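Since the structure comes first, as structure tokens, the remarks are kept for the end.
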Amino acid sequence: MIQRLLPSLSLVILFVALSLASPYFLTQTNLSSVVRQTAVINIMALGMTMVIIAGGIDLSVGAILAMAGLLGTMAMEQGYPIPVGVLIGVLTGLFWGFVNGLLITRLKIAPFIVTLGTLGIVRGLTLIISDGLPVHRIPQKFSYLGEGNLLGVPFVLWILVFCAAAVHFLLEHTRLGRYAFAIGSNPEAALYAGVPVAFHTTAVYALCGLLTGLAGMIEASRLMTGQPTAGQGYELQVIAAVVIGGGSLRGGEGSVIGTLIGAFIMGLLSNGSDLLGISPYLQQAIIGAVIILAVTVDELRKRKLAR
């Protein structure tokens, strides 16, 4: 029980510690900044939650985010309306998620290898399309997606809440969610039980890509640029958020609430490090250590249950 509550307790302790350590932490400006910065990782992590529950992993999300943001902003630069540009970004993510799922299920190759390969493909194509140069000529109104407020609350928080509610509903109240847990727990048993494993696995990767595409457009809106090198290292943060929140890399376990808590822990660690003047290089080391710690706790818990 304590292990289940550990992510929540860690978030509370971290929040209190940062409140005491820095006078700037509890300001409205800083907390709003944390929400905006964490929203991108949060939305990507919601998609990764479904993938990890189904027993997979997606290392290409950072590269997909970059291509989605680039193509969406390029469309706006060419004169297309902002909603069309956002849609292009989201569909770009959906396409690559579908490709990942298709390659994994049709070629019967491990998700780690497939998504590692598509990471290189997507990143390379993004740099080729952009010639390595960012897109700057974007309508000013596009900034509202990442920096605007609605009813005094950051607009991205409304988007995050909607996405979280949708993913929670999918996992808890639909056939796709039930099958994702079944596939992640035991894919062979799920197949023999009549579950269309290939179809639902592909659907899970496609949805992860869709959410990553949306996150890519939010990132582009925050930066007001389509950056071909965006998202580098994001896959590590996204996977960490899911694992810290109780998701198991063995599959079959995970939750939306846990992932949100994990992502906010990551966001507070980053924000607190900045406020306290901790080197960004050390931040990467901390993230790596946290991942190892979270997986170790999960493994110890499973061994205890197996006895």
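Listed values, structure above:
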item: From the options Ala189, Ala206, residue that is assigned to a helix (DSSP H, G or I) and at pLDDT 90 or above; result: Ala206
item: Any hit, segment 65-83, residues being more than 27 Å from Phe199 (Cβ to Cβ) and among the aromatic types (Phe, Trp, Tyr); result: yes
item: The one condition in (1) within 21 Å of the chain's Cα centre (by Cα); (2) farther than 30 Å from Ile104 by Cα that Asp58 fails to fulfil; result: (2)
item: Members of segment 162-176 that are within 18 Å of the chain's Cα centre (by Cα) and surrounded by 14 or more Cβ atoms within 10 Å (Cβ to Cβ); result: Cys163, Ala164, Ala166, Val167, His168, Leu170, Leu171
item: Residue check, Leu275 more than 19 Å from the chain's Cα centre (by Cα), more than 20 Å from Ile57 (Cα to Cα) and either acidic (Asp, Glu) or loosely packed, with under 12 Cβ neighbours inside 10 Å (or both); result: no
item: Residues satisfying the stated conditions in segment 263-294, i.e. of a type in the set (Gly, Ala, Ser) and touching a helix residue (DSSP H, G or I) at 6+ places or on another chain (Cβ under 7 Å); result: Ala263, Gly267, Ser270, Gly272, Ser273, Ala294
item: Output for segment 267-291, where each listed residue is without any contact (Cβ under 8 Å) to a residue 12 or more places away in the chain and assigned to a helix (DSSP H, G or I); result: Asp274, Pro280, Tyr281, Leu282, Ala285, Ala289
item: Residue match in segment 37-44 (condition: within 12 Å of Thr212 (Cβ to Cβ), in contact with a Lys or Arg (Cβ under 8 Å, 6 or more places away or on another chain) and buried (at least 21 other Cβ atoms within 10 Å of the Cβ)); result: yes
item: Unique residue being over 22 Å from Ile57 (Cβ atoms) and of a type in the set (Ser, Thr, Tyr) when the list is Tyr234, Tyr281; result: Tyr281
item: Complete set of residues in segment 21-32 that are in contact with a helix residue (DSSP H, G or I) (Cβ under 6 Å, 6 or more places away or on another chain) and either surrounded by 15 or more Cβ atoms within 10 Å (Cβ to Cβ) or in contact (Cβ under 8 Å) with a residue 24 or more places away in the chain (or both); result: Ser22, Tyr24, Phe25
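This table checks each residue for (1) part of a helix (DSSP H, G or I); (2) surrounded by fewer than 17 Cβ atoms within 10 Å (Cβ to Cβ).
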{"site": "Leu9", "(1), (2)": "yes, yes"}
{"site": "Ser19", "(1), (2)": "yes, yes"}
{"site": "Val34", "(1), (2)": "yes, no"}
{"site": "Thr49", "(1), (2)": "yes, no"}
{"site": "Asp58", "(1), (2)": "no, no"}
{"site": "Met67", "(1), (2)": "yes, no"}
{"site": "Pro83", "(1), (2)": "yes, yes"}
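Let's see how each residue does on (1) modelled with pLDDT under 80; (2) in contact with a Gly (Cβ under 6 Å, 6 or more places away or on another chain); (3) more than 18 Å from Phe15 (Cβ to Cβ); (4) among the hydroxyl-bearing types (Ser, Thr, Tyr):
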position: Glu219; (1), (2), (3), (4): no, yes, yes, no
position: Gly247; (1), (2), (3), (4): no, yes, yes, no
position: Val256; (1), (2), (3), (4): no, no, yes, no
position: Ile261; (1), (2), (3), (4): no, yes, no, no
position: Asn271; (1), (2), (3), (4): no, no, no, no
position: Ile278; (1), (2), (3), (4): yes, no, no, no
position: Gln283; (1), (2), (3), (4): yes, no, no, no
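The values are calculated or read from the model by the stated rules, or taken from the named source; none is laboratory data. These figures come from a predicted structure and were not determined experimentally. Heads up, the Cβs are rebuilt from the backbone with ideal geometry, glycines too, and the neighbour counts pull from every protein chain shown.
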